[in-house]
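What follows draws every value from the coordinates through simple rules; no lab data is involved. These figures come from a predicted structure and were not determined experimentally. FYI the Cβ positions are ideal-geometry reconstructions off the backbone, even for glycines, and counts take in every protein chain you see.
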Amino acid sequence: MKLAIVAATGGIGRALVEQALGARHEVTAVVRDPSRLPSGVNGARVDLGDADPAALEAALAGSDAVLSGLGPRSRADAGITAPGTRALIAAMRATGVHRIVVVSAAPTSTVAVAGRPNPPRHDPGDGFVMRHVLSPMIRRILRGHYEDLAEMEEALRASGLEWTVVRPPRLNDKPLSGRYRRAYGRNIRGGCSIPRADVAHLMLRVLDEPQSVGQFIGCAT
Ligand SMILES: NC(=O)c1ccc[n+]([C@@H]2O[C@H](COP(=O)([O-])OP(=O)(O)OC[C@H]3O[C@@H](n4cnc5c(N)ncnc54)[C@H](OP(=O)(O)O)[C@@H]3O)[C@@H](O)[C@H]2O)c1
């Protein structure tokens with residue numbers, strides 16, 4: 001397949017590039033700084049905080065799918081995920097690219113935003129401790145970030161594109177295992193973490209699974 005990998009110099013993005021090239025996909029890495037890509041990787045320079053539509057469309061045109069690991073690297077990037085993904089959606093519509101897989105986060109399903117004013121109070125996959133202790137605490141600390149992710153999810157839901165949202169819990173840098181649990185529409189009971197490499201593995205895997213279109217996928221080791 002011909003894949004556009006957005007934020008390919010990030011943690012999940014780097015794993016996506018490595019695994020996609022290993023599977024002999026053709027990759028265009030859409031990044032702020034192509035000089036940080038491994039040699040030989042085809043890069044397109046786009047800052048999604050201030051994207052030139054023509055440059056973004058040129059980067060995505062002809063792709064079979066867009067895979068995005070976009071998220072704030074630092075405080076300066078806070079709130080980038082929803083507007084950056086809206087720019088991707090616009091460029092995909094303009095270029096006739098239909099399929100997109102993105103990274104959100106496990107606590108996002110219970111976050112209210114415009115278009116989703118009454119989310120479920122608890123994620124159906126969360127157990128007692130996650131529901132009543134960890135999730136409220138994490139959401140309080142990272143509220144703005146989860147609202148950004150929830151707005152991204154709603155933009156995708158309204159986009160008319162063939163989208164899949166992956167919602168991992170805490171990420172780590174352990175090596176690819178290929179052994180993780182996953183579920184449609186809910187988090188994983190007792191699943192507290194997952195390697196970035198396994199999230200990338202799942203994002204690539206769903207490209208071959210038409211039933212994953214329009215789905216939120218919980219995942220964890
Ligand atoms: N950390 C966790 O435990 C956790 C848990 C669940 C979900 N998540 C979600 O997973 C996402 C991805 O995780 P990660 O570890 O791969 O994050 P990361 O390493 O911080 O990667 C974020 C990527 O987004 C890119 N980016 C940020 N602002 C951009 C802009 N204006 N234009 C273009 N690219 C931009 C960064 O580009 P540069 O490489 O140029 O900086 C970087 O490549 C997180 O952002 C978060 O929403 C995280």
Quick shape check on the range 79-127: root eigenvalues a ≥ b ≥ c of the Cα gyration tensor, a/c under 1.5 is rounded, otherwise prolate if a/b tops b/c, else oblate, and it reads prolate
Amide H contacts under 5 Å for Thr28, restricted to residues at least 5 apart in sequence or on another chain and with H modeled in the peptide plane, are Leu3, Ala4, Ile5
Hydrodynamic radius by Kirkwood for the range 1-97, inverse mean 1/r across distinct Cα pairs, in Å, is 13.2
The longest stretch of the chain containing none of the trypsin sites (Lys or Arg not before Pro) that sit in a DSSP loop with at most 12 other Cβ atoms within 10 Å is 25-120
Here P(r) for the chain, Cα-Cα distances in 5 Å bins, as whole percents, is 1, 7, 16, 20, 22, 17, 10, 5, 2, 0
Taking the alpha-carbon centre of each part, the distance from the range 90-158 to the range 1-74 in Å is 23
When the charge dipole of the chain is computed with +1 at the Cβ of Lys and Arg and -1 at the Cβ of Asp and Glu, the Cα pointing farthest to the positive end, of Gly49, Ala90, Val133, is that of Val133
Note on the range 146-216: the mean projected area of its alpha-carbon convex hull, in nm², is 5.1
DSSP beta bridges in the chain: the antiparallel percent, rounded to 5, is 15
In debye to the nearest 20, the charge dipole size for the chain, taken about the Cα centre with +1 at each Lys and Arg Cβ and -1 at each Asp and Glu Cβ, equals 800
Note, the range 33-38: 3J(HN,Hα) by Karplus (6.51, -1.76, 1.60, θ = phi - 60°), whole Hz, Gly/Pro = x, goes 9, x, 5, 8, 7, x
